[in-house]
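Visitor: I have a structure here, written as structure tokens, and I will follow up with some questions on it.
The values are calculated or read from the model by the stated rules, or taken from the named source; none is laboratory data. Being a predicted model, the structure only gives us computed values, none of them experimental. Every residue, glycine as well, gets a Cβ built from its backbone with ideal geometry; the counts of neighbours run over all protein chains shown. SASA here: full protein model, heavy atoms, side chains in, ligands and nucleic acids out. Shrake-Rupley method; radii C 1.70, N 1.55, O 1.52, S 1.80 Å.
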Amino acid sequence: MKKTAFITGASSGIGRATAVALAKSGFQLVITGRRAERLQELAQELAPTPVHILTFDVRDRAAVEAAVASLPTDFQAVDVLVNNAGNAHGLAPIQDGEPNDWDLMLDGNVKGLLYVSRALLPGMTQRKQGHIINIGSIAGLEAYANGNVYCASKAAVHALTKGMRIDLLPQHIKVAEVNPGAVETEFSEVRFKGDSERAAKVYQGYEPLRAEDVADVIHFMVTRPPHVNVAEVLLLPAAQGAATLINKE
Ligand SMILES: NC(=O)c1ccc[n+]([C@@H]2O[C@H](COP(=O)([O-])OP(=O)(O)OC[C@H]3O[C@@H](n4cnc5c(N)ncnc54)[C@H](OP(=O)(O)O)[C@@H]3O)[C@@H](O)[C@H]2O)c1
């Protein structure tokens, strides 16, 4: 029987690439996001891999619970959860920050990850088996100018990963984290609220990571033998030395 991977934020970027990589290596998938059309396109692209689509906003706890409760029997035993959904919203000094952006980041990146994990954990603990990969960021390991609340949300993911690993140890559930540096996805478009020119500049003058590079690492982590947990990975483009130190030509 195929293993099941549940990937949040599969409509774009790292989540989408992870879905492609895991489907290739024989997983069946639950793919989630808010943009149903994107998820349908992906499911078609992944055929004949069995794919179940769930459309919900990770910030909406009731919607998360209802979506997980609606999983068909064949997709209920989730082996791998990739908590990837998330974004940065805005880039401003704290005194100019938009409280609405703060809500989006803290509710999505932190509480969303908690809601999805909480909904799937009863099944994993019952089966005494599971593997959770949280997508953090270099921003969670070091704060950078104007990144304040995004950095805080990813620092929370970092702390939660460690806390979850400790709490879930007796349940035989592996918990791990991937902390990427700059990856060219829709991330900067979202951060700069659709300003494509400003978003494109983030990735100019050097070779950023591709979503597929991060997906490769996630694939490696989830295909290790049962006794191995690659607990934490910092994945950077070769041109990046620290959160905002990038060697641009
Ligand atoms: N790109 C980078 O440089 C970078 C670096 C480090 C870490 N990361 C992290 O990597 C993860 C994926 O980002 P990405 O770079 O792949 O960006 P992306 O292309 O913008 O993808 C973000 C994904 O998250 C989903 N999402 C966002 N908010 C959501 C919500 N409230 N409810 C449900 N789904 C939501 C989006 O789906 P819908 O819009 O369809 O809902 C989309 O599929 C994020 O956690 C991000 O913080 C990115």
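Visitor: Checking the condition assigned to a helix (DSSP H, G or I), modelled with pLDDT of 95 or more and closer than 24 Å to F192 by Cα, which residue from V178, V116, V157 passes?
Guide: On the way: V178 fails: assigned to a helix (DSSP H, G or I); V116 fails: closer than 24 Å to F192 by Cα.
Step by step, each of V178, V116, V157 is checked, and only V157 is assigned to a helix (DSSP H, G or I), modelled with pLDDT of 95 or more and closer than 24 Å to F192 by Cα.
Visitor: Give the range 221-244 a look and list any residue that's surrounded by 13 or more Cβ atoms within 10 Å (Cβ to Cβ), away from the ligand (no atom under 12 Å from the Cβ) and outside any loop (DSSP other than H, G, I, E, B), or say none.
Guide: If the condition is that a residue be surrounded by 13 or more Cβ atoms within 10 Å (Cβ to Cβ), away from the ligand (no atom under 12 Å from the Cβ) and outside any loop (DSSP other than H, G, I, E, B), then M221, V222, E232 are the ones that fit.
Visitor: Now for a separate question. Which condition number in (1) part of a loop (DSSP other than H, G, I, E, B); (2) in contact with a strand residue (DSSP E or B) (Cβ under 9 Å, 6 or more places away or on another chain); (3) under 21 Å from M164 (Cβ atoms) is the one that T49 fails?
Guide: (3)
Visitor: Further question on the same structure: Those residues that are part of a loop (DSSP other than H, G, I, E, B), within 26 Å of L22 (Cα to Cα) and either touching a residue at least 60 places away in the same chain (Cβ under 8 Å) or open to solvent by 40 Å² or more (accessible area, probe 1.4 Å) (or both), I need them from the range 192-220; list them, please.
Guide: Step one: list which residues in the range 192-220 are part of a loop (DSSP other than H, G, I, E, B), which gives 192-195, 203-208.
With within 26 Å of L22 (Cα to Cα) added as a condition, the list becomes 207-208.
Scanning the range 192-220 gives a single hit, E207.
Visitor: Out of (1) open to solvent by 30 Å² or more (accessible area, probe 1.4 Å); (2) within 12 Å of the ligand (Cβ to nearest atom); (3) closer than 18 Å to G140 by Cβ, the odd one out for E189 is which?
Guide: All conditions are met except number (3).
Visitor: Quick one: which residue in L169, L235 is more than 24 Å from L91 (Cα to Cα) and of a type outside the set (K, R)? Walk me through it before giving the result.
Guide: On the way: L235 fails: more than 24 Å from L91 (Cα to Cα).
On inspection, the qualifying residue turns out to be L169.
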